[in-house]
Amino acid sequence: MGLEHPGGEERWVTEKWRQLFGFADSEPVTFDRFLDVVHPGDSERVKQVVQHMLEHGGEYEIEYRITRPDGSIRWIATHGRVELDERGKPVLARGVSRDITKRKIAEEELRESEERFRTVANAAPVLIWMSGPDKLCTFLTRMA
């Protein structure tokens, strides 16, 4: 969880946030230092979301990866809000960041399981179909 003043360089964050992102207790939390821990594959998208929010305000949600000091990759979901003053300048940003790594792993395992099922079902020499509670077809093997 964090609360920050967008115009200022340093951000205020909780101890839990520091632990999650791998920041030392006394280490200043700047946007550039934050971007250092964001995975290179996600940093440009994170920068764009932050820039958009600082220009337009409102709520935001974003999922991205970070690289922890031990080299491990964690998935983070951040939800927050940027408030603008009467001139349209950001005056306050607040948000909550959660570790969603377990959910992302489960989603990937489910995708892989579904892909294995489709591969096996489509290779079967018979027609296989499934329906939902509404009795409408939700899966049908390809016909060779």
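The values are calculated or read from the model by the stated rules, or taken from the named source; none is laboratory data. This is a predicted model, so every value here is computed, not measured. Glycine also receives a Cβ, built like all others from the backbone with ideal geometry; neighbour counts cover every protein chain displayed. These accessible areas exclude ligands, DNA and RNA; they are computed on the full protein's heavy atoms, side chains included. Shrake-Rupley method; radii C 1.70, N 1.55, O 1.52, S 1.80 Å.
Annotations for the structure displayed:
- Per the conditions (1) in contact with a strand residue (DSSP E or B) (Cβ under 7 Å, 6 or more places away or on another chain); (2) in contact (Cβ under 8 Å) with a residue 40 or more places away in the chain, the sole criterion not satisfied by residue 101 is (2).
- Flag if residue 132 is open to solvent by less than 100 Å² (accessible area, probe 1.4 Å) and closer than 30 Å to residue 49 by Cβ: no
- Residue 110 open to solvent by 50 Å² or more (accessible area, probe 1.4 Å), in contact with a Pro (Cβ under 9 Å, 6 or more places away or on another chain) and at pLDDT 90 or above: no
- Candidate set: the range 40-63, residues that are in a strand (DSSP E or B) and open to solvent by 50 Å² or more (accessible area, probe 1.4 Å); chosen: the one nearest to residue 74 (Cα to Cα): 63
- Scanning the range 64-74 for residues that are of a type outside the set (S, T, N, Q) and assigned to a strand (DSSP E or B) gives 64, 65, 66, 73, 74.
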